[in-house]
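See below for the structure under consideration.
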């Protein structure tokens, strides 16, 4: 491994180059960890839903706790109308969470530390929410940009700000996750490099820092998945129940 | 409003950070578009498959499990409630039976005591009568014995004194004179022994 803290984010081909037309869809380490995450999610939840015992075993408890956790999050933020989108938000939360957590294992690749991945997710959410909003409310959905109770003089300015804030949603959503993951992993790599370069004498301080950072990063990994899911819920809430 | 400002500031700050990084380290791997298409393709593929499997197969099962557990728990609670009511009723019944039997036992005890007291008093009366009869008989006997006692004593005294005199004097003495003396003496001394 190179000392460059950014080299951990390198994407490289595993196996032969696969091309469909002009598009390169080769299997890479990123694809490997996407598959690993999805397979482990399916494994955990399949095992957790297989047996229905009144006293759940550990894996069943895990699956059911996650289920109730996400369903409570959705009903709290977006209300009962968001129920049809439960499976999507659940998959989203679990996918981001597992990708983040897989990234915490040394020598692995963090799928969510790539802007393109988070941006595709965020853009899909943005487009989906906008489409849902227009389907539910027609052109009335545009009222989202006109908050009630604002003086008429300020209205043009507010509308412009609202439109910008709405359009920046996919960017803020994707950049938040990507930047958090990238910054955390870079920092851990940098401190790890300090441990090596300072050696047995001075390496203890960055080592302890590294240990603390690992704990923090695990927290961040969970928190960012949660934030990603809950922001999706909030956007969905805007589309389903027009508040403004 | 604060939230929006926060989002925008984050967005702009990262925009600048990205620029700085790109200038410094010869570009982040994230901004190299070489594998973007591949990442998008695999993301859509894996996420899509996962979403389909989760939403069609696994999540309905989990919600089913949760609901059936909830239903069963409710059922059990209902059954428990029913049983509790049953046991309460039984407890009341039991209390009633106990108080009733206590009353019964009390009355039986009282009856038995009265009966026993009656029996005892009847028997006592009979026994008292018997004892009284016996005492009366004994008293009668004593009376006759007492009445006869001085006569016998006098006779013994007369005979003894006549024999005594015969041995002392050696002559036959008239019995009638001795009888008179003894009678006289016994009358005087009788008062000392039978002074009633």
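Readers should treat all values here as calculations from the given coordinates under stated rules, not as data from a laboratory. Note that the structure is a prediction, hence the values are computed from the model and not measured. Cβ coordinates were reconstructed from backbone atoms using ideal geometry, including for glycine residues, and neighbour counts include every protein chain displayed.
Packing here is the average count of other Cβ atoms within 10 Å per residue, and on that basis the peptides A:116-125, B:116-125, A:43-52, highest first, run A:116-125, A:43-52, B:116-125.
Compute the FRET efficiency between residue A:20 and residue A:159 as 1/(1 + (r/R0)^6), taking r as their Cβ-Cβ distance and R0 = 45 Å, and round to the nearest 0.05.
Calculated value: 0.55.
Paramagnetic label reach from residue A:190 (point 7 Å along Cα→Cβ; backbone nitrogen cut-off under 17 Å): within region A:1-31, residues A:3-9. Computed from Cα atoms alone, the Kirkwood hydrodynamic radius reported for region A:88-138 is 12.4 Å.
Here the protein assembly as shown is treated as a sphere whose radius is the Kirkwood value from Cα pairs; by Stokes-Einstein at 20 °C and 1.002 mPa s it diffuses with a coefficient of 68 µm²/s. When A:113, A:91 are sorted by how many other C-beta atoms sit within 10 angstrom of their C-beta, beginning with the fewest, the order is A:91, A:113.
With the gyration tensor restricted to C-alpha atoms of region B:69-196, the semi-axes of the equivalent ellipsoid amount to 98, 14, 9 Å, longest first.
Compared with the dominant principal axis of the Cα atoms in chain A, helix A:204-240 is inclined by about 20°.
Extension gain for residue B:143-residue B:114 works out to 6.2 nm (0.36 nm per residue, less the C-alpha to C-alpha distance). Peptide A:65-78 shows a mean partner chain C-beta count of 1 within 10 Å per residue C-beta.
Between residue A:219 and residue B:166, the simple spin-label model (points 7 angstrom out along Cα→Cβ) gives 14.9 nm. Principal-axis analysis of the Cα atoms of chain A puts helix A:155-167 at an angle of about 40° to the longest axis. Counting every other Cβ atom within 10 Å of each residue's Cβ, A:114, A:185 order from fewest to most as A:185, A:114. A viscosity of 1.002 mPa s and a temperature of 20 °C, combined with the Kirkwood radius over C-alpha pairs in the Stokes-Einstein formula, give region A:72-200 a diffusion coefficient of 121 µm²/s. Label-to-label distance, residue B:181 versus residue A:207, with points set 7 angstrom from Cα along the beta-carbon direction: 15.2 nm.
The residue B:156 and residue B:134 beta-carbon pair, evaluated with R₀ = 25 Å, returns a calculated FRET efficiency of approximately 0.20. Counting neighbouring Cβ atoms within 10 Å and putting the fewest first, the residues A:85, A:226 line up as A:226, A:85. Measuring max minus min along each principal axis, the C-alpha atoms of region A:7-240 give extents of 67, 52, 46 Å (largest first).
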